[in-house]
Amino acid sequence: VFVCVCVCVGRSPSPPNLPPRQSIRQAISKSLANPSTATPTMPPRKSRTKSFPSDRKFTVNELQDVQFCERNGVDIHKRELYVSDEDFQALFKMSREDLDSLPEWKKKQLKKKHGIF
C-alpha cells in the first residue's frame, strides 16, 4: 500500500474539507487490515518488446555506418531491430526479449559497446 502525504506551504495544517487526522489513520488501518478494501494494485506492465520495423536485415558492419543507415531508411536509434536473430544473439549474447527487459541505460551501454548506438 502506498500512502502519499502532501504538505502545502502557507496553508493551515488541516483544511476544513479534509477529515480529521484520526479518521485518516483509521481508514489506513482498515485498508491494511482488510486487503480487499485496499486500492487495487497496478496491472502488470505491458511488454516493451518492439516489433520489427520491417523484414529487412543488415550486417552489424552496415549498421555501424550512419550514412548507410540514412540511405536505407534505418532508424539510427533503433539499429538493433535490423540485426538478424543469429547476429543479434552472437553480438549481445542474449535474446531480443532479454535485451528489451534491461533498463534503458544498460541497453544504451551495450549498443555503444558494439557501435550501433
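In terms of the Cα gyration tensor, with a ≥ b ≥ c the square roots of its eigenvalues, is the range 49-117 rounded because a/c is under 1.5, prolate because a/b exceeds b/c, or oblate? Intermediate values should be presented prior to the final figure.
Details: a/c = 1.58, a/b = 1.39, b/c = 1.14.
Since a/c reaches 1.5 and a/b is larger than b/c, the shape of the range 49-117 is classed as prolate.
Normalised per residue, the accessible area of the range 66-117 is 62 Å², obtained with a 1.4 Å probe and no contribution from ligands, DNA or RNA.
Taking packing as the residue-averaged number of other Cβ atoms within 10 angstrom, the listed peptides 72-78, 103-109 run from highest to lowest as 72-78, 103-109. Ignoring aspartates and glutamates fewer than eight residues from Lys57 along the same chain, the ones with Cα atoms less than 17 angstrom from its Cα are Asp65, Glu70, Asp75, Glu80, Asp85, Glu86, Asp87.
The values are calculated or read from the model by the stated rules, or taken from the named source; none is laboratory data. Everything numeric here is computed off the predicted structure, so don't read it as measured data. In this analysis, Cβ positions are derived from the backbone assuming ideal geometry, glycine residues included, and neighbour counts consider all displayed protein chains. Accessible surface is based on the protein model in full, side chains and every heavy atom, while ligands, DNA and RNA are left aside. Shrake-Rupley method; radii C 1.70, N 1.55, O 1.52, S 1.80 Å.
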